[in-house]
Amino acid sequence: MNGDAACLPIDSIFTPRTDLMSRRTFLKNTAAAAAGAAMLSSLSSSVFAAGDDTVKVGLVGVGGRGTGAAGQALSTDGRVKLVAVGDAFADVIDYGLNQVANSVKGKPNEFKVEDVQKYSGFDAYKQVIDSDIDMVILATPPGFRPIHFGYAVDKGRHVFMEKPVATDPSGVRSVLENAKRAKLKDLKVGVGLQRRHESSYIELMKQVHDGAIGDVLASRVYWNGGGVWEPKKTRDQVKTEMEYQMWNWYYYNWLCGDHITEQHIHNLDVGNWIKNAYPVSANGMGGRQVRTDKRYGEIYDHHAVEFTYADGSKMFSQCRHIPGCWSAVEEHAHGTKGTIHLGGGNARGCYIQMPNGDKITSKAAYENPYQVEHDDLFQAIRTNAKDYNEAESGAMSTMTSILGRLCTYSGKVLTMEQALNSEISIMPKSFAFDAETPVKPNENGEYPIAVPGQSVVV
Ligand SMILES: NC(=O)c1ccc[n+]([C@@H]2O[C@H](COP(=O)([O-])OP(=O)(O)OC[C@H]3O[C@@H](n4cnc5c(N)ncnc54)[C@H](O)[C@@H]3O)[C@@H](O)[C@H]2O)c1
């Protein structure tokens with residue numbers, strides 16, 4: 001364990017975004033935009049070949065989000081080229097590339113599917129990252145992220161990686177280590193927690209940090225909904241258990257981390273952002289009440305966690321995947337002077353409310369945060385912005401979600417330090433379609449499910 005990871009100074013964990021946003025807004029909104037673009041290319045970092053300001057991109061994980069992110073990367077200002085892609089499964093690649101081509105049709109950085117190098121298998125990430133690229137998008141299921149991120153940093157690539165960035169504490173520790181190495185190498189790293197790039201969140205969060213609602217005593221964060229996609233393959237459609245779990249990755253913890261990590265991380269990250277801190281301990285409860293069929297692997301369908309920060313304040317968190325119940329994807333915080341309400345990635349739901357009824361709403365125009373996070377990252381790459389690195393905060397919000405899962409699975413109060421130091425890895429020992437999976441079904445195809453009070457998690 002990297003003992004100092006738990007003690008990283010708060011300032012280094014939470015890189016403020018307001019400076020980047022204001023530079024970006026300046027470039028977009030003033031008559032200096034054209035001059036700014038020229039300045040950007042002249043300031044291009046040393047990764048670019050002399051005389052060519054094209055940012056060459058690789059993509060690992062050619063699925064829904066990976067292809068979306070590639071389209072957004074190609075839609076940033078300046079020349080961008082998608083050079084190489086890789087996926088564990090060869091047969092998803094052409095479909096994914098056609099999705100990207102459709103999303104950029106008519107835009108300056110259009111590309112031809114047949115120009116892209118394609119790789120498949122568990123080692124495809126190495127071939128993509130070893131290609132002639134400046135930046136790589138990592139968008140596989142999150143269990144692989146620490147390995148892929150580490151390799152990208154080894155090879156000196158800028159990175160956009162989707163959230164979450166790991167599924168267990170050893171993965172988080174690896175990302176924290178590589179985040180430091182990325183900084184030393186001056187690599188820019190974006191993490192797909194797009195609320196941090198959403199104008200209304202940024203504007204109102206600044207006011208909270210400037211004291212608009214006083215000291216924050218508690219927050220409430222939710223990802224309650226009906227659930228996600230159904231398993232994609234049945235047993236008779238695959239040859240091995242590894243292949244089965246890979247296709248149905250959401251339902252296996254080593255790949256997904258359970259939905260508290262995979263999805264609810266967005267809201268937990270906002271709670272941490274509000275506090276500019278991360279929890280020091282937690283307790284919680286959860287279970288599997290409705291989504292109980294064996295095809296749903298090993299994850300729970302609901303979690304409720306009470307997180308505690310060092311100053312004693314709380315973050316109350318709920319996430320549920322059960323149809324027919326109250327749905328909410330949002331964040332709220334209660335301070336000594338007022339409250340803030342943030343509406344689940346939707347600019348219209350964001351405001352600060354004072355006890356006398358006064359309401360402060362965001363003045364910022366809505367811009368798609370999935371696009372803005374790429375605009376910001378590419379601007380940082382092109383201008384060689386100092387310390388543009390979201391890996392640490394992404395890792396600590398990932399760890400917050402893992403801490404929550406460890407609490408609901410064990411039924412115990414756990415500290416962040418205990419959890420982050422845990423030597424229990426949930427990852428496979430090797431990667432191949434005939435390799436052993438870390439969790440195996442019994443003769444009836446059922447997986448072991450965590451039992452609070454019995455399961456050992458740290
Ligand atoms: N920021 C957001 O709002 C947001 C939204 C959706 C998804 N995501 C994140 O994006 C990631 C991918 O989700 P998705 O919805 O695109 O899933 P997906 O299943 O559509 O795509 C994942 C792809 O990765 C491939 N893959 C799996 N293991 C691989 C490996 N070892 N090497 C190479 N390829 C591999 C799969 O075959 C698949 O094509 C997840 O971490 C998810 O949380 C983020």
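Nothing in this text is a laboratory measurement; each read-out follows from the coordinates by a stated rule. Since the structure is predicted, the reported quantities are computational estimates derived from the model, not experimental observations. Cβ coordinates were reconstructed from backbone atoms using ideal geometry, including for glycine residues, and neighbour counts include every protein chain displayed.
What the table shows:
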read-out: Dipole in debye (nearest 20) - region 129-188, about Cα centre, beta carbon charges: Lys, Arg +1; Asp, Glu -1; value: 260 debye
read-out: Label point 7 Å beyond Cα of residue 65 along Cβ direction - residues of region 262-280 with amide nitrogen under 15 Å; value: 262-270
read-out: Under Karplus coefficients 6.51, -1.76 and 1.60, residue-wise ³J(HN,Hα) of region 172-183 in Hz, glycine/proline x; value: 5, 4, 4, 5, 4, 4, 6, 4, 5, 5, 4, 5
read-out: Pairwise FRET efficiency - residue 358 versus residue 228, Cβ, R0 = 41 Å, nearest 0.05; value: 0.60
read-out: Theoretical gain in end-to-end length, residue 425 to residue 451 [0.36 nm per residue, Cα-Cα removed]; value: 7.5 nm
read-out: Modelled FRET efficiency - R0 41 Å, residue 366 with residue 443, Cβ distances, 0.05 increments; value: 0.20
read-out: Region 172-294: proportion of alpha-carbon pairs further apart than 19 angstrom, %; value: 65 percent
read-out: For region 189-196, Karplus couplings with θ = phi - 60° (6.51, -1.76, 1.60), whole Hz, Gly/Pro x; value: 10, x, 10, x, 9, 5, 4, 5
read-out: Mean projected area (nm²) of the alpha-carbon convex hull when region 332-450 is viewed from all directions; value: 14.1 nm²
read-out: Relative packing of peptides 77-87, 263-273 - highest average C-beta neighbours within 10 Å first; value: 263-273, 77-87
read-out: Pairwise FRET efficiency - residue 236 versus residue 92, Cβ, R0 = 25 Å, nearest 0.05; value: 0.80
read-out: Entries in 126/163; 105/163; 185/232 that, when Cα-Cα distance is taken, lie over 29 Å; value: 185/232
read-out: Per-peptide average of other Cβ atoms within 10 Å, ordering 161-171, 62-72, 415-425 highest first; value: 161-171, 62-72, 415-425
read-out: Dipole-positive endmost among 212, 256, 242 within region 208-265 (Cβ charges, Cα centre); value: 242
read-out: Amide H contacts under 5 Å for residue 81, placed H, 5+ residues apart; value: 55, 56, 57
read-out: Footprinting exposure proxy for 123, 434 (fewest neighbouring C-beta atoms within 10 Å first); value: 434, 123
read-out: Proxy reagent accessibility, fewest Cβ within 10 Å first, across 172, 216, 439; value: 439, 216, 172
read-out: Separation in nanometres of the label points that stand 7 Å from Cα toward Cβ, at residue 417 and residue 327; value: 4.3 nm
read-out: Quotient of C-alpha Rg and 2.2 N^0.38 Å, computed over region 279-348; value: 1.38
read-out: Centroid-to-centroid separation of region 281-341 and region 52-127 [C-alpha atoms, Å]; value: 35 Å
read-out: Local electrostatic count at residue 246 - Lys and Arg +1, Asp and Glu -1, tallied over other residues with Cβ under 11 Å; value: -1
read-out: Per-residue Cβ neighbour rank within 10 angstrom, fewest leading, 402, 202, 260; value: 202, 402, 260
read-out: Cross-link pairs beyond the 24 Å C-alpha cut-off, checked among 155/233; 81/188; 188/363; 239/429; 56/206; value: 155/233; 188/363; 56/206
read-out: Reach of residue 275 by Cα under 18 Å, taken over aspartates and glutamates that are not fewer than 8 positions away in the same chain; value: 11, 198, 203, 210, 215, 306, 311, 330, 331, 390, 392
read-out: Size of charge dipole - the chain - debye, nearest 20, with Cβ of Lys, Arg +1 and Asp, Glu -1, no other charges; value: 620 debye
read-out: Stokes-Einstein D (µm²/s) once Rh is taken as the Kirkwood radius of the chain over alpha-carbon pairs, at 4 °C in 1.567 mPa s; value: 57 µm²/s
read-out: Of all DSSP beta bridges in the chain, antiparallel share, percent nearest 5; value: 55 percent
